[in-house]
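Since the structure comes first, as structure tokens, the remarks are kept for the end.
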There are 2 protein chains.
Amino acid sequence: MGCLRGGEFGAAGARIMATKQNDAMSTLRIALAQTNTTVGDLDGNVATVMDFTRRAADSGAHLVAFGEMVLTGYPVEDLVFRESFVEASRHAVADLAAGLAAAGLGEIVVVVGYLDADGPARQGPDASRDVGPRDSLAVLHRGEVVTRYHKHHLPNYGVFDETRYFAPGNTLQVVRVGGVDIAFTVCEDIWQPGGPFAVAGRAGVGLVVNINASPYERNKDERRLPLIRRRAAEANATVAYVNIVGGQDELVFDGDSMIVAADGELMARAPQFDETLLVADLELPDAGEVSAVNGAAMSVEHTTVSSQPPPPLEKPVEAMLSKPMSDLAETWNALVVGLRDYVIKNNFPSVVFGLSGGIDSAVVAALAVDALGPDRVYAISMPSRYSSEHSRDDAADLARRTGLHYDTEPIQSVVDSVMAEVALSGVAVENLQSRVRGLILMALSNQHGHLVLAPGNKSEYAVGYSTLYGDSVGGYAPIKDVVKTLIFALARWRNAEAERLGQVPPIPENTIAKPPSAELRPDQVDTDSLPPYEVLDHIITGYVDNDAGRDELVDAGRDAAVVDRVLRLIDTAEYKRRQSAPGAKISGKSFGRDRRLPITNRFREGR
Amino acid sequence: MGCLRGGEFGAAGARIMATKQNDAMSTLRIALAQTNTTVGDLDGNVATVMDFTRRAADSGAHLVAFGEMVLTGYPVEDLVFRESFVEASRHAVADLAAGLAAAGLGEIVVVVGYLDADGPARQGPDASRDVGPRDSLAVLHRGEVVTRYHKHHLPNYGVFDETRYFAPGNTLQVVRVGGVDIAFTVCEDIWQPGGPFAVAGRAGVGLVVNINASPYERNKDERRLPLIRRRAAEANATVAYVNIVGGQDELVFDGDSMIVAADGELMARAPQFDETLLVADLELPDAGEVSAVNGAAMSVEHTTVSSQPPPPLEKPVEAMLSKPMSDLAETWNALVVGLRDYVIKNNFPSVVFGLSGGIDSAVVAALAVDALGPDRVYAISMPSRYSSEHSRDDAADLARRTGLHYDTEPIQSVVDSVMAEVALSGVAVENLQSRVRGLILMALSNQHGHLVLAPGNKSEYAVGYSTLYGDSVGGYAPIKDVVKTLIFALARWRNAEAERLGQVPPIPENTIAKPPSAELRPDQVDTDSLPPYEVLDHIITGYVDNDAGRDELVDAGRDAAVVDRVLRLIDTAEYKRRQSAPGAKISGKSFGRDRRLPITNRFREGR
């Protein structure tokens, strides 16, 4: 096998080399490495690539593909602007190529995502739009970088800021491996019709590899398969889609790597959230004669790794065909992974939080135990004079069910000592209780190194139903993007799942059944201040997730006065959200990078 | 005068209509309205435009230009995605046109920035890149919108996310007013050569109006004048540059509106930070015969408001030619304006903060008194057993000097009550003191409605030398982007300025002279934990503001061990910064929207 560089054509709209497929087919064994990367941990990420490449080679694969930016982690955000970081990434890819060859892994073709650059980053009005950092893919073989591809389509919506960082690519790379022409693309490229997939189709490739760092959101997996099918049809080629897994600050990557044939048949699918090596034998058309085709939308660069079909495989592999999880299972897993990876990747030994007996902290406790095991989880009951007996019982019950560390720190004496110094009344007293709890949790964190978890849910963050520096304290907010009605559904699902598996349900039934209360004054319940959660969550989803206006919400059948009150609460709580801890995004629009609103904002809907 | 619509040419690269200038000149009186806008307050912003238009008309001006997005405020961020908000902006511009005519202000040509849209916003992979919301300019005359221009160049770096929001314009608007052809542009358009200014030059216009919302940063005013001169030369036309003033969350707009002739002569300049109507008589070339020119980079649309030269002006105006402020004066004013507008635009009656006797809270106090007057400023001394006598004296001295409200709330009894409940030692005890202070300030805020000010400076935010939910509590952080060495320089400048004006210097000399200390344990000084501030601030500026790597900083002459320690501190404090209050940006790169780094990030320089 030689590494021959084929024809290169400069200008868009120019002729490209296309292979006329003949009827001969070869079988390539393709591996997709669905791995968990850590931002900035280049050594660790390279080690993971080495490990999975060895496993792929051992399985007999001809090619193994990893996710987008697998060497740097994703997203690296403004690290892009530091030349030392860009250099570290460029060195990592060169060192990886050499390291693979030195480890006897030079023959398998390895596809990795990394950060490259051909000029300074785009930081001001004078910066060039055409050069700069690139969201890149490298094809490695026999110790060398055979070719590089730069992502064409840069998402700049939602949580993505890629036009802030990257210059777009404008060339398609086609590499002949085992006689089959393979095109390479990165993430967003698959969302756009008429782009690299269309040109890959005109170039007559047999396979398009698409490497991703595609964050989870509810129901996104239901969009992926039809999308990949559309692109497979456009390219008239098999598509191998590989995504990373794991948590990174507000994002959770769910994997769901898969292979779809040109006719839309789902050939292989990896499980969500878990590190997996997905291996499949693909019958792909041999590249035939190469001839020029006019009028492609971009230039195409051909490279040859091996032009001869590989020898027949000794024993075919049966590709994994995982079933997608149910919506609730998937959401629960996303929350567990987000929490686990925040704790592990930031080197925290343990977590601590207030366990009130209410539904939110109970779900946080169950998630934490699922993520870390009970021995790394510390729950503190911090009763005041308004805490009910049943709340303390429910908290203790949960501790028994899950086996987490459980302790009690009464707050009344501290509250009284503040009241003795400062004259307070009403809401100031309610908030004081919450802030004393926050202060105790932070003191325990400082003393023992625990990460504090904030138990707020999306409904509370939306309307500001929380105390700043009180129940909002914490380095991570596991259920920040989960509305209250979904919290209840998840709690019920988790308990049912335990019963299905013959385990003890973690959440006491009374915690699920009783009306939610902050217990900051006598006989308080949430519905004293808020509409029923079914109504509230519907308005929140409309206004926050879908940018619906006031009239649209009222027309949808909601009471105008309730809508007006809720929107007012959402608008004026922006300052609290701005100081909140990160938490995993699971919805179409989470609070954080996903939704950027001014604090100073006098616009009020419906006036 | 008639409103005749001229030739319109569709395609880029096509012919445009250009006026061949003859030697005749007319004098137009041009007014630039440098106003303070509030995001979302469309009614209030329209009222301000009406008010300044009346003043401009009274001064005899033929045209008055306002800033970018003056009707909506700037930046409106994700409000762009709410159709109800876009509709409100579109209605505001139509209502304004009608309202001006109804108020007898129909003859003066009014130029305003606002939010327009010709399609849904760009929120996902399927969104169109060619239609969507626009950062627009409208020219109003006789109750109608005569023409609209959409900003061509969209900044997407630093604090700006404009490709997230807007579709770019691709047409240049030329309007004939008083026989003079005037082209219109928005903000970033002036930073790019070869864009609308170049085409305006080919179209032979006499004046280019550029409307801005250009945030302050130190030394930016020194870049503006040369920039405007370059574009005036490129357009071979006079350039009228108008910018807004005032604070909006993390941004302060400093005005500095000016008019520069084609030959580079500075004709008029408004003072920084203050609302101003800048009026100048400009001798501009009459537009002559119109003929077609080939090969422009964009299409040009001509409109005529009035083709005849105006009658000679009765009495010429002498244009204001303000001198730029000194660097320290300018910085102080930016901080005052940022703080004042955050308080006023968010409707807070007053501010409260801890006054320790140290330099940071003293500068915050002086800024607050300058921004709001002493009667809206509440300072609390919260001594613990480690607070020195001189600190309390210095705090009381400052209170006497400035006349702010001053009170004392000892914290020791509360600290003791927590220590009685939870076994704490070391840093946990230091942080506890700080958190009890935060808790007391928040209780006073809840009880009295004060906005809490956080006294942290940029050096502390950088290295995490603060207590989360302790001294970091607050809704606004006035000196967040000011490094410690600059804090001292500003304190000295403010005192000298007071002496120059024959007033009492606000900051006690001892506060400036003594070594900085957090006073959380006996005899503590900052240099126990940190390098001297001269060294620290130099490293921070290199690493944070300029993205220098570790080797670059060491090569610049810094001790390698010190650099390594400081970079490590900066990297690992990201989680604290993420939960911090907003504060005015004054540097090249502030913490906030300007610098976006992952919390979970294992990259360490120099490993």
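Residue check: is A:ALA88 within 11 Å of chain B (Cβ to nearest Cβ), open to solvent by less than 40 Å² (accessible area, probe 1.4 Å) and at negative phi?
The answer is yes for A:ALA88.
Read through the list (1) small (Gly, Ala, Ser); (2) more than 14 Å from chain B (Cβ to nearest Cβ); (3) part of a loop (DSSP other than H, G, I, E, B), then give the number of the only condition that A:GLY470 fails.
So the condition that A:GLY470 fails would be (2).
Out of segment A:432-447, which residues are open to solvent by 20 Å² or more (accessible area, probe 1.4 Å) and within 7 Å of chain B (Cβ to nearest Cβ)?
Scanning segment A:432-447 gives A:ASN446, A:GLN447.
Any residue in segment A:421-436 that is closer than 17 Å to B:VAL436 by Cα, out of contact with any helix residue (DSSP H, G or I) (no Cβ under 7 Å at 6 or more places or on another chain) and either at pLDDT 95 or above or assigned to a loop (DSSP other than H, G, I, E, B) (or both)?
The answer is yes, given that some residue of segment A:421-436 is closer than 17 Å to B:VAL436 by Cα, out of contact with any helix residue (DSSP H, G or I) (no Cβ under 7 Å at 6 or more places or on another chain) and either at pLDDT 95 or above or assigned to a loop (DSSP other than H, G, I, E, B) (or both).
May I ask you to list the residues in segment A:527-538 that are buried (at least 20 other Cβ atoms within 10 Å of the Cβ) and either of a type in the set (D, E, K, R) or in contact with a strand residue (DSSP E or B) (Cβ under 7 Å, 6 or more places away or on another chain) (or both)?
A:ASP537
Is it the case that A:ALA117 is at pLDDT 95 or above and under 21 Å from A:ILE211 (Cα atoms)?
Yes; evaluated as a whole, the condition is true for this residue.
Look at segment A:139-157 and say how many of its residues are open to solvent by 20 Å² or more (accessible area, probe 1.4 Å) and within 14 Å of chain B (Cβ to nearest Cβ). Break it down into steps so the answer makes sense when it comes.
Narrowing segment A:139-157 to residues open to solvent by 20 Å² or more (accessible area, probe 1.4 Å): A:142-145, A:148, A:150, A:152-154, A:157.
Still in the list and also within 14 Å of chain B (Cβ to nearest Cβ): A:152-154, A:157.
Counting residues in segment A:139-157 that are open to solvent by 20 Å² or more (accessible area, probe 1.4 Å) and within 14 Å of chain B (Cβ to nearest Cβ) gives 4.
What's the number of the condition B:SER384 fails, among (1) without any contact (Cβ under 8 Å) to a residue 40 or more places away in the chain; (2) closer than 20 Å to B:GLY474 by Cβ; (3) in a loop (DSSP other than H, G, I, E, B)?
It is condition (1) that B:SER384 fails.
Quick one: would you say B:GLY44 is closer than 18 Å to B:ASP274 by Cα, open to solvent by 10 Å² or more (accessible area, probe 1.4 Å) and of a type in the set (Gly, Ala, Ser)?
yes
Tell me, which residue of segment A:342-375 that is in a loop (DSSP other than H, G, I, E, B), free of Cβ contacts under 8 Å to residues at least 60 places away in the same chain and surrounded by fewer than 23 Cβ atoms within 10 Å (Cβ to Cβ) is farthest from the other protein chains (Cβ to nearest Cβ)?
By that ranking, first place goes to A:GLY373.
Go over the candidates B:VAL49, B:VAL64, B:VAL70 one by one and state the one that is more than 14 Å from every other protein chain (Cβ to nearest Cβ), in a strand (DSSP E or B) and β-branched (Val, Ile, Thr).
B:VAL64
Name the residues in segment A:541-553 that are in contact (Cβ under 8 Å) with a residue 40 or more places away in the chain, in contact with a helix residue (DSSP H, G or I) (Cβ under 7 Å, 6 or more places away or on another chain) and more than 9 Å from every other protein chain (Cβ to nearest Cβ), would you?
Of everything in segment A:541-553, just one residue is in contact (Cβ under 8 Å) with a residue 40 or more places away in the chain, in contact with a helix residue (DSSP H, G or I) (Cβ under 7 Å, 6 or more places away or on another chain) and more than 9 Å from every other protein chain (Cβ to nearest Cβ), namely A:VAL544.
Within segment B:588-605, is there a residue that is in a helix (DSSP H, G or I) and open to solvent by 30 Å² or more (accessible area, probe 1.4 Å)?
no
Inside segment A:400-425, can you point out the residues that are more than 22 Å from A:LEU355 (Cα to Cα), more than 7 Å from chain B (Cβ to nearest Cβ) and either surrounded by 19 or more Cβ atoms within 10 Å (Cβ to Cβ) or in contact (Cβ under 8 Å) with a residue 12 or more places away in the chain (or both)?
Correct list: A:MET419 only.
Those residues that are surrounded by 15 or more Cβ atoms within 10 Å (Cβ to Cβ), in a loop (DSSP other than H, G, I, E, B) and among the aliphatic types (A, V, I, L, M), I need them from segment B:103-112; list them, please.
Hits for segment B:103-112 are B:LEU105, B:ILE108.
Which one is farthest from the other protein chains (Cβ to nearest Cβ), of the residues in segment A:158-194 that are surrounded by fewer than 24 Cβ atoms within 10 Å (Cβ to Cβ) and β-branched (Val, Ile, Thr)?
Among them, the one singled out is A:THR171.
Just to be sure before I move on: is B:ARG231 open to solvent by less than 10 Å² (accessible area, probe 1.4 Å), among the basic types (Lys, Arg), at pLDDT 95 or above and touching a helix residue (DSSP H, G or I) at 6+ places or on another chain (Cβ under 9 Å) in the structure I sent?
Details: open to solvent by less than 10 Å² (accessible area, probe 1.4 Å): no; among the basic types (Lys, Arg): yes; at pLDDT 95 or above: yes; touching a helix residue (DSSP H, G or I) at 6+ places or on another chain (Cβ under 9 Å): yes.
No: the conditions fail for B:ARG231.
Out of curiosity, is B:ALA581 within 12 Å of another protein chain (Cβ to nearest Cβ), under 23 Å from the mean Cα position of the chain (by Cα) and not in a helix (DSSP H, G or I)?
yes
For segment A:439-467, give me each residue that is free of Cβ contacts under 8 Å to residues at least 60 places away in the same chain and in a loop (DSSP other than H, G, I, E, B).
The answer is A:THR467, and nothing else.
Give B:ASN219, B:ASN243, B:ASN236, B:ASN210 a once-over and let me know the one that is open to solvent by 20 Å² or more (accessible area, probe 1.4 Å), of a type in the set (S, T, N, Q) and either within 23 Å of B:PRO155 (Cα to Cα) or within 14 Å of another protein chain (Cβ to nearest Cβ) (or both). Step through it out loud before you land on a result.
Numbers: B:ASN243 fails: open to solvent by 20 Å² or more (accessible area, probe 1.4 Å); B:ASN236 fails: either within 23 Å of B:PRO155 (Cα to Cα) or within 14 Å of another protein chain (Cβ to nearest Cβ) (or both); B:ASN210 fails: open to solvent by 20 Å² or more (accessible area, probe 1.4 Å).
Unique residue meeting the criteria: B:ASN219.
Just one of (1) over 30 Å from B:ARG596 (Cβ atoms); (2) of a type in the set (A, V, I, L, M, F, W, C); (3) out of contact with any Lys or Arg (no Cβ under 9 Å at 6 or more places or on another chain) trips up A:LEU569, so point out which.
(1)
Here is a list of conditions, (1) of a type in the set (S, T, N, Q); (2) surrounded by fewer than 20 Cβ atoms within 10 Å (Cβ to Cβ); (3) under 27 Å from A:VAL80 (Cβ atoms), and B:GLN524 meets all of them except one; can you say which number that is?
All conditions are met except number (3).
Among the numbered conditions (1) under 30 Å from A:CYS187 (Cβ atoms); (2) open to solvent by 10 Å² or more (accessible area, probe 1.4 Å); (3) within 12 Å of chain A (Cβ to nearest Cβ); (4) of a type outside the set (Asp, Glu), tell me where B:THR38 comes up short.
(1)
Conditions: (1) buried (at least 24 other Cβ atoms within 10 Å of the Cβ); (2) polar (S, T, N, Q); (3) within 14 Å of chain B (Cβ to nearest Cβ). A:SER136 meets all but one. Number of the miss?
Condition (3) is where A:SER136 drops out.
Could you run through segment B:539-572 and say how many residues are among the hydrophobic types (A, V, I, L, M, F, W, C), surrounded by 15 or more Cβ atoms within 10 Å (Cβ to Cβ) and not in a helix (DSSP H, G or I)?
1
The values are calculated or read from the model by the stated rules, or taken from the named source; none is laboratory data. It should be emphasised that the depicted structure is a prediction, and the values quoted were computed from it without experimental measurement. Note that we place each Cβ from the backbone using ideal geometry, even for glycine, and neighbour counts take in every protein chain shown. These accessible areas exclude ligands, DNA and RNA; they are computed on the full protein's heavy atoms, side chains included. Shrake-Rupley method; radii C 1.70, N 1.55, O 1.52, S 1.80 Å.
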